[in-house]
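Peer 1: Starting off with a structure, shown below.
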Amino acid sequence: MQRLAQTFDVLQQAFAQRLIQIQDVPGIETAEQVLVLETIGDVRDFEAAVRRIAGLEWLFDVEDKADPDADFFYEDRHEKSVERRLFLVSSNATAVQQLVQLWDRYKLDPASIPRGFRKWKSLFDQLKTLRYWDETDRLTQEALDYWRDELASGAASVRFEIEVWFSSSQAKNDATRVELAALLQSLGGQVLSWAEIGSIRYLAALVELPAAAIQNVLDGNYPQLVFYQRIMYFEPMVRGMCPVDVADAAAIDRTTEPTNEPPIVALLDGLPLQNHALLAGRLLIDDPDGWEPAFPAGSRKHGTAMASLIIHGDLNGTEQPIRGKLYVRPVLRPDANGVESTPTDVLLVDLFHRAVRRLFEGDGAEGPVAPTIQVVNLSIGDAFRLFSRQLSPWARLLDWLSWKYGVLFCVSAGNDDEALTLGVLRRDFAGLTREDVQREVLAAMLRSASVRVLLNPAESINAVSVGAAYLDASNWTPAHGNIEVFTTPLPAPYSRSGPGYGRAVKPDVLFPGGRRSYRERAGPSHEPAMLTPFMGTGTAPGQKAAVPGQGGQLNAAAFLAGTSNATALATRQFARLWEAIQGNPILAPYLGDRWKSVSLIKSLLIHGASWGEIGDLVEGLVVGANHYLKKDSVAALAGFGIVDVAKGTGCTEQRATLVAAGSIRVDEMHEYRVPLPPSLSGTREWRRLTITLAWITPIVPSRRAYRAVRLNVKIPVTTLGLAREDASHVAVDRGTVQHEVLEGAKAVAFVDGDALVFTVECRGAAAEPAEPIPYGLCVSLEVAQGVQIPVYNEIRARVQPAIQVAG
C-alpha cells in the first residue's frame, strides 16, 4: 500500500501536465488520458466496475507476464514470471479525482469501499502499478525501425498508420478525426484515408509526414502529435509483398476445361493471368478498383500460381481440378519494381473489409457478387509486423467476418528466409550425415522460434492458419553444393512458428509447401555453420504451378515453394471436401447452413493431421523442459501436424470415421455415442482414436478472453485404454479447434452394445451470445493396417442410421 501511495498522489498532477503538452495546437479539446492499471493475477468482471465511475470508459484488457519482485512472487518459485493483467481505460479529470478518492478510502479501511465499487477493492489488492499511456507505448519498435528504413532509402515523405483509441461515443471518434488532422497539418502532414469498423473496435488513419518531421521524432525531439492521448499506436503501413522468380519457367503440355459452376472459393491476391491455358474459363475476376490496366501480364506471378494450385494442385501430379469457378479479387498490384504488393494508398484492413463485404452484401446499389463463397484464401501476410501477444486489427477483422458471414479464411503462417545458424562449426559440417544435418536444422529452428513468429494475420482464432511441410512431388536430385535438409516429413525451415493468441495451437496444420535447396554460407572455419535458402528461378525442387511465360507465353509453369503454396493446397482441400459432402445424401443437408457447413469442413480439414515422427524428433531436442513445454515446442513448429487427407476423411476396413454437425447454446451439452467394434474387446492390438471439434466463435475485441464462447468435447480416455499423443490436452483448449490423438494397446473388455460417449459442451467466455454456435465433430477409430478386425463394418452396422463419411 505504501508503495503505491505516491503514485496516487501524483496522478492528478500528471493529468494536468500532460494536457499542457498539446494545449498550443488549435482545435485540440480532448481533455482525456488513457489510464493503465496493472495487476498481478486476475480481477474478474472488472469492466462493469469501470462503468460505475463517471468519466471512465473501458477500452480493453490484456494478459501478459512480469518479472517477480519483492511484492509479487510465487512462494514455491521466486524466480518464476508472474501473470499480470493490464486494464486500459479512458479517463477525464473528474474520473481521476473519484478514483483517487476511492484509493483514499481503501487506504483507511478496505471494507469502507461502498457497494457497487467492491471490484475496485479487488483491483487495489492486486495493483502493481498505475500510469498513463504515453509516448513509449505509442512509438512501437516496428514503427521506429520502419521510419529509419524509409529515411535511409531517401524518401522525402513517409506513409504510415496511426491506430487511435476506439470509443463507444461516435462524437468522440469524430472529434479525434478532426484533432489528429490538425496535429498532422501542424507538421506539414496529412491524413490520406480513415477506416472505422466498430465491430472490431478499430479506428485508424493512413497518414503521411515529411521526412524532416519523422527525423525529429527519431532524434527524440517529440512534437505534440506524439503526446496526443487519443493515439494508441504509431505503426508501419501494413504491407504484403509476394516476390516470385520464375525466370526458368517452361512450357507445359496441359490444358483445362472451363466450368460454369458457381464459386465456393475466393482468392484475395494478385491478378492471375486469366487466359493461361490452365486457368482459361476457370476464373471469376472481380476488379471493382480497375487495377487490371496497370497490371502487366509479366507481373501476374503470385496470383497466377495461387490460382493454379487451388484449381489443380501440384502440377507434378494428375489431380482433377475443383468443380466450381475460382473467384478472384486483386488486393495486390505491382510496385515500382514489379513485385506484387499491397497498395500504399489505402488501409489494408479497410480494403479487406470492403472486399469481403462485397462478396455477401455488395457495394452501394450493386448486390452480392459471390454469395456462394465458403472459404477465402489469404496467401499473404504483413511483411512489417509479426504477431506479438496482442491480436492485430487484421486478425480481429478476419475473426469477425468469419462469424458475420459464415466464411472460413485459410491464412498463410508466413515465410522466414533468414539463414539458419547451426550448432556445429563450419569445419565440422562436411562430416555430418544426412541424419545429423536434419537434427541440426531442427535444433536451429527451435532456437530461433522466438524470432520466427507468425506474420499477421495468421494469429486469427477463427481462421485455419497453414504452415508448410518440407514436401513436394518433384523429381529432384541436389546438385553439388545444394542441400536437401530433410528426408523425413517435417515442418519446412522457412515456415514461421507459433503459438497464436493466448498460446493457442498455431499454425493449425501443415500442408506440403515444397522443398527448397539450402547452401552453406562461406566463412571462417571456426565459426558456426550457416545454411541459407536458395530461392531458385523456377526449377525443381518445389511444387509446379502455372505462371506467366516469357514473351507472353500462356502455357508456362514453374517450381515454387513457400507457405503460400501450402495455404493454397489447404484451400483446395476445403473445396474438395465440400464437393464430396455435396454428393453425399446424408451429409449434403449440412450445406444448407453455411455456418454449420464451414465448421464441419474445418473439422474435416484438420482431422487428418498428426505429428508422426515430428513429435519424437523435436521432443528429443528440447532438453530440461517438462512434458507440456516439450509438446508446446512441437506444436509451435507443426501445429496439429501434417494433414493426411485420405486418412482424415476416408474409411478403410480397419478405420471408421463418423462426422456430425450441430448448433449449441451456452450451458448446453450434446451427447454422441460411437458403437464399439466387438472384435476389439480384450485384444492387445494397437488402436488410435482421433477426435476433432471445430467451430467459429463470435468475438469480444475489448476483452482479454476475446472468444465469446469456448466449446469442448469430453473424451472417454479410459474406455479403450488410451493415452494422449501429439498436442497436450491443455494446448488444444485455447483456440477454436480441439484436435486430439489418443493411442494404446491395453486389453480392455467390453460387450456388444457398449459405446464411446462424447459430450460437446458450450461455455461462455468473454460473453454469452444468444445465437447458437455451429460446430463440426469428427471421430475416427482405427487399428493397424492388416489387422483382421473389421472396425468399419462392425461400427457401421451398429450406427442407426448408418453414417457415411466423405472420402
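Each reported figure results from applying straightforward, stated rules to the coordinates on display, with no laboratory input. Just so we're clear, the structure is a prediction, and the values are computed from it rather than from any experiment. In this analysis, Cβ positions are derived from the backbone assuming ideal geometry, glycine residues included, and neighbour counts consider all displayed protein chains.
Peer 1: Give, rounded to the nearest 20 debye, the magnitude of the charge dipole that the chain has about its Cα centre when Lys and Arg contribute +1 at Cβ and Asp and Glu contribute -1 at Cβ.
Peer 2: Values: 80 positive and 95 negative charges, 267 e Å.
Dipole about the Cα centre, nearest 20: 1280 debye.
Peer 1: Restricted to Cα positions, what overall size does the stretch 242-328 have along the principal axes? Three whole-Å values, descending.
Peer 2: 34, 33, 19
Peer 1: Could you list, in their original order, any pairs among Lys506/Lys647; Lys301/Lys596; Lys325/Lys596; Lys647/Lys714; Lys119/Lys631 whose Cα atoms are separated by more than 32 Å?
Peer 2: In this structure, Lys301/Lys596; Lys119/Lys631 lie more than 32 Å apart at Cα.
Peer 1: Now a separate question. At most 16 other Cβ atoms within 10 Å and a DSSP loop assignment: could you name the chymotrypsin sites (Phe, Trp or Tyr not before Pro) in the stretch 654-747 that fit?
Peer 2: Details: sites: Tyr672, Trp686, Trp695, Tyr706; in loops: Trp686, Tyr706.
In loop regions of the stretch 654-747 (DSSP not H, G, I, E or B), the sparsely surrounded chymotrypsin sites (Phe, Trp or Tyr not before Pro) are Trp686.
Peer 1: Work from the charge dipole of the chain (Cβ charges, +1 for Lys and Arg, -1 for Asp and Glu, about the Cα centre) and give the residue of Val659, Pro548, Thr692 farthest towards its positive end.
Peer 2: Of the candidates, Val659 comes out farthest on the positive side.
Peer 1: Dividing the convex hull volume of the alpha carbon atoms of the stretch 464-553 by its residue count, what do you get in Å³ per residue?
Peer 2: Values: hull volume 15.1 nm³, N = 90.
Hull volume over Cα atoms, normalised by residue count, gives 168 Å³.
Peer 1: Okay, moving on. Charges at C-beta only: +1 for Lys and Arg, -1 for Asp and Glu. How large is the resulting dipole of the stretch 220-334 about its Cα centre, in Debye rounded to 20?
Peer 2: In total the dipole reaches around 300 debye.
Peer 1: Among the aspartates and glutamates, which fall within straight-line cross-link reach of Lys630, defined as a Cα-Cα distance under 14 Å, with same-chain neighbours fewer than 8 residues apart omitted?
Peer 2: The qualifying aspartates and glutamates are Asp616, Glu619, Glu725, Asp726.
Peer 1: Are there trypsin sites (Lys or Arg not before Pro) in the stretch 673-746 that DSSP puts in a loop and that have at most 11 other Cβ atoms within 10 Å, and which ones? Write out the running numbers ahead of the final one.
Peer 2: Values: sites: Arg673, Arg684, Arg687, Arg688, Arg703, Arg704, Arg707, Arg710, Lys714, Arg724, Arg734, Lys746; in loops: Arg684, Arg703, Arg704, Arg734, Lys746.
In loop regions of the stretch 673-746 (DSSP not H, G, I, E or B), the sparsely surrounded trypsin sites (Lys or Arg not before Pro) are Arg684.
Peer 1: Can you give the direction-averaged projected area of the convex hull of the alpha-carbon atoms in the chain, in nm²?
Peer 2: The directionally averaged projection comes out at 37.7 nm².
Peer 1: In deg cm²/dmol, rounded to 500, what helix-only [θ] at 222 nm does the chain give when every DSSP H run of at least 4 residues adds -39500 (n - 2.57) and the total is split over its residues?
Peer 2: Details: 20 runs with 215 residues, N = 807.
The helix contribution divided over the chain gives -8000 deg cm²/dmol.
Peer 1: Three principal axis extents, largest first, for the C-alpha atoms of the stretch 620-663, in Å?
Peer 2: Sorted largest first, the three principal extents are 41, 30, 16 Å.
Peer 1: Which percent, nearest 5, of DSSP beta bridges in the chain are antiparallel? Please list the in-between numbers first.
Peer 2: On the way: 110 of 135 bridges.
Counting DSSP beta bridges with both partners in the chain, the antiparallel share is about 80 percent.
Peer 1: In the stretch 101-174, what trypsin sites (Lys or Arg not before Pro) fall in a loop by DSSP, with at most 13 other Cβ atoms inside 10 Å?
Peer 2: Values: sites: Arg105, Lys107, Arg115, Arg118, Lys119, Lys121, Lys128, Arg131, Arg138, Arg148, Arg159, Lys172; in loops: Arg115.
Hits after loop and neighbour filter: Arg115.
Peer 1: Given Gly298, Thr759, Leu278, which one lies farthest toward the positive end of the charge dipole of the chain, if we put +1 on the Cβ of every Lys and Arg and -1 on the Cβ of every Asp and Glu?
Peer 2: Thr759
Peer 1: Also, quick follow-up: Mind checking which aspartates and glutamates have their Cα closer than 14 Å to the Cα of Lys107? Skip sequence neighbours fewer than 8 apart in that chain.
Peer 2: Asp9, Asp125
Peer 1: Amide H to amide H, which residues 5 or more places from Tyr202 or on other chains are under 5 Å from it, using H placed in the peptide plane?
Peer 2: Correct list: Ile197.
Peer 1: Give me the aspartates and glutamates in straight-line cross-link reach of Lys172: C-alpha distance below 19 Å, same-chain residues under 8 apart excluded.
Peer 2: Filter leaves Glu29, Glu32, Glu57, Glu163, Glu196.
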